[in-house]
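Okay, so here's the structure we're looking at.
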C-alpha cells in the first residue's frame, strides 16, 4: 500500500515537493520489503532449496533493474512529460501484483510458533511439504525446539552477551554493511550521469546502463542455480570480495592517472 501511494505521488507530481514526498513514502515501502521478503523466504523454504529461494529474491531485484533500465531507455524518445511520468507510474504494477499475491500466502510457521499459535504453524508446515506428513512432522519438531528456545531468551542484549554471540552478530551486520559500501546503489541510480561524465553522450548513456544492468542478473542466476547450494556461502563471499577489490583497484588507477577534465587526459582510458 505504501509503495502504491508513493509511486502514484511520483507519477502525478506537479512540483518538486510532491516528488520528494513520494520518493520518501516509496522508500519506506522498499525498506520494509527489503527486510521482510528474504526473511519470509528463509522461514518457509525447505532446507534443500533455501539458498536458491533466498538467492531468487536478489535475482528478481536484478530483473527489476533490467526492466527499469530499458523502460528508462525507451522513454527518452517520448516528447512530453510522459517520458518521466510513465516509468514512475509503471512502478505501481508490480506493487499492485504483490499486494494481491500476498493475500494467498501463508503465515510464516516460525512466526506462528513465536506468538504461540502452534497448531496453525503445524498446518502451514504440512501444507508447505505438500501433505508429506513424515517430512512435515520432522521439520516441525526441529523448528518447535529451536523457536521455543529462542523465545525464552529473545532479548536484543543477547546478541552481545557473549564473545561468540558478538562475533556472529558483527559478522552478520558487517557482511550487509560492506556490501552496501561497495557503492552498488550509487551506480544503479546515477550510472547514466557517471557515463556522461566519461564522455558517453545522449541516449548512449542509458543504453550502457541497460547493458550493465543485464549482466549482474545473468551472473546471479548462474550462481544461485549451479553454485550456491553446492559450495556453501563462505567461498562465494571470498571470491566476490576479492573480485571487487581487483576491479575497483583498476578503476581507481585509471581515474588517478587520467583525471576527468584534465587537458591531457586519455579519452580512451576514461571510456
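The values are calculated or read from the model by the stated rules, or taken from the named source; none is laboratory data. Predicted model, so just to flag it, every value in this text is computed and none were measured. Cβ atoms come from the backbone with ideal geometry, glycine included; neighbour counts cover every protein chain shown.
Among the residues of the stretch 1-24, the one identified as in a loop (DSSP other than H, G, I, E, B) and under 21 Å from the mean Cα position of the chain (by Cα) is 1. Just one of the listed residues (207, 237) is in a helix (DSSP H, G or I) and either under 30 Å from residue 76 (Cα atoms) or over 25 Å from the mean Cα position of the chain (by Cα) (or both), and it is 207.
Residue 122 passes every criterion in (1) surrounded by 13 or more Cβ atoms within 10 Å (Cβ to Cβ); (2) part of a loop (DSSP other than H, G, I, E, B) apart from (2).
On the basis of being at pLDDT 90 or above, surrounded by 12 or more Cβ atoms within 10 Å (Cβ to Cβ) and over 18 Å from the mean Cα position of the chain (by Cα), does residue 27 make the cut? Taking the combined requirement at face value, the residue does not satisfy it.
For the stretch 26-38, the set of residues classified as touching a residue at least 12 places away in the same chain (Cβ under 8 Å) and over 17 Å from residue 93 (Cβ atoms) consists of 27, 28, 32, 37, 38, listed by residue number.
For (1) surrounded by 11 or more Cβ atoms within 10 Å (Cβ to Cβ); (2) within 12 Å of residue 55 (Cβ to Cβ), each residue gets a yes or a no:
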position	(1), (2)
212	yes, no
217	yes, yes
220	yes, yes
225	yes, yes
228	yes, yes
232	yes, no
237	yes, no
250	no, no
